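The values are calculated or read from the model by the stated rules, or taken from the named source; none is laboratory data. Model, not experiment: these values are computed from the prediction. Glycine gets a Cβ as well: all are built from the backbone with ideal geometry, and neighbour counts include every protein chain shown. Keep in mind that these areas ignore ligands, DNA and RNA; they rest on the heavy atoms of the full protein, side chains included. Shrake-Rupley method; radii C 1.70, N 1.55, O 1.52, S 1.80 Å.
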Amino acid sequence: MQDKNHMRHLRALIAVVEEGSIARAAQRLLRTPSAVASSIRQLETSFDATLFERQSAGMAPTPFGQAAYRRACRIEAELQLAAAELAPYRVSVNAPLFAMLVGERQLTALVRLREMGHMPSVAAVMGLTQPAVSALLRQAEASLKLRLFRRAAKGMAVTEAGELLLFRVRRVLAELRHLEADIAQQRGEMAGRVMFAALPSMRTRVLPQAIAALVGKHPNVQISMVDAPFEILFAGVHSGEIDFILTGLNANYSHRDFLIRVIGRDRLVVVARAGHPLCARERVEIADLVRYPWVLRDRGAPTRELLNDLFWQLGIEAPHVAVQAGDLGLLRGLLQHSDVVSAVSPEYLSYEIASGAVKVLDVELPHTGREIGFILRRDAQPSLLCEKLMQHIEAATAGTLAPAAPSPTGARTAVTPG
């Protein structure tokens, strides 16, 4: 894995922008002017863009340089916060990490080790040897004078101090991921990568339509969808690893660290296979539903919570959830081969409902309407690519979602996909 080493060079870029010259930046960084100039040249080569105008009065950042500077300052701020948060652990404040003097490879290795807890697996994923990964960890811990991991029965476990640090490191890597998109935006191009999560009902028609429209116009972009329990998804948004979640909303999501953008309203219906015993009834009561096994998403998912609240309000014992899964293929198969029932957005099984293979039961589910929208980190600075994907998603929901209630904050995305 090639180490781009952008962090070290971005440190030089910050100094040149703020000092206005390579000579003064070199004095500030205690480096030679040629070393600072080399860092700027390497960034320009990597980005294929001119970052500074060389003028008689000094160095003036171009729009490319200004975009890189804004991202670099966000990286610097995250590392400063990391140093402050780790002060009680007597971390070495002069560690190279806090001065942006480490490469992305070391940061990535630490994050992967936290995720996997197994050094050989990290080495395999990163294309390194196990001794190389071990060396990266030793270098980080020695420079910080801080233990980040401890050996556990099943591998490596992150320490309390390591968890604090790696939260900030994950945000740093997210900012570096957005840097490519920022530079591309300045030349009128769309590039980079978006990481997002979405509720299953949007995956049948809305997301394929939105992603196809975006990729059709901008083939060099990368779109990655993450599927995990909600607690992990929220943590991913908070750490910057996930750009946004498209989901059903409730009051619990109005967390101070999250920004909510509502795009419409949805409702739940009860579905079963064509020929299900309940399909023969002119009217189905909610109490009838509990006699059959259910397929629902995991606990904490918006659909599951809405239904739990409904049965509790009606004083009816919640139905037996025989299968806990959100996979569309599994739900289709179970509905086809058994008498299970489920509650979903009509959009989730839109093709099956249209074909008649799946029936919407004639039963009212009061209070299960919900707002649909995006959850982002409040202080995030989404790339243009991320914003464009959200705009295409909102445009694709036209005719599918009911209009959202007016927001007192007016926090909505504009539908201008490009």
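Things worth noting here:
- In the set (1) farther than 20 Å from residue 311 by Cβ; (2) of a type in the set (A, V, I, L, M); (3) without any contact (Cβ under 8 Å) to a residue 60 or more places away in the chain, residue 287 fails one condition alone, (1).
- Tabulated pairs, segment 218-231, first within 25 Å of residue 189 (Cα to Cα), second among the charged types (D, E, K, R), C-beta under 8 angstrom, 6+ apart or interchain: 218/189; 218/388; 220/189; 221/193; 222/193; 223/193; 224/193
- Residue 233 vs. criteria open to solvent by less than 40 Å² (accessible area, probe 1.4 Å) and either out of contact with any Asp or Glu (no Cβ under 8 Å at 6 or more places or on another chain) or modelled with pLDDT of 95 or more (or both): yes
- Test: residue in segment 292-304 that is surrounded by fewer than 16 Cβ atoms within 10 Å (Cβ to Cβ), more than 27 Å from the chain's Cα centre (by Cα) and within 22 Å of residue 369 (Cβ to Cβ): no
- Just one of the listed residues (10, 51) is closer than 23 Å to residue 171 by Cβ, open to solvent by less than 10 Å² (accessible area, probe 1.4 Å), out of contact with any Lys or Arg (no Cβ under 7 Å at 6 or more places or on another chain) and not small (Gly, Ala, Ser), namely 10.
- Of all residues in segment 319-348, those satisfying the criterion of being open to solvent by 50 Å² or more (accessible area, probe 1.4 Å) and either modelled with pLDDT of 85 or more or in a helix (DSSP H, G or I) (or both) are 320, 322, 324, 330, 332, 336, 337, 339.
- Any hit, segment 140-150, residues being surrounded by 15 or more Cβ atoms within 10 Å (Cβ to Cβ), farther than 27 Å from residue 232 by Cβ and out of contact with any strand residue (DSSP E or B) (no Cβ under 6 Å at 6 or more places or on another chain): yes
- Residues of segment 84-136 satisfying the condition of being under 18 Å from residue 158 (Cβ atoms), open to solvent by less than 60 Å² (accessible area, probe 1.4 Å) and either small (Gly, Ala, Ser) or in contact with a strand residue (DSSP E or B) (Cβ under 7 Å, 6 or more places away or on another chain) (or both): 95, 109, 113, 117, 119, 121, 123, 134
- If you go through segment 352-372 and pick out every residue that is buried (at least 17 other Cβ atoms within 10 Å of the Cβ) and of a type in the set (A, V, I, L, M), you end up with 6.
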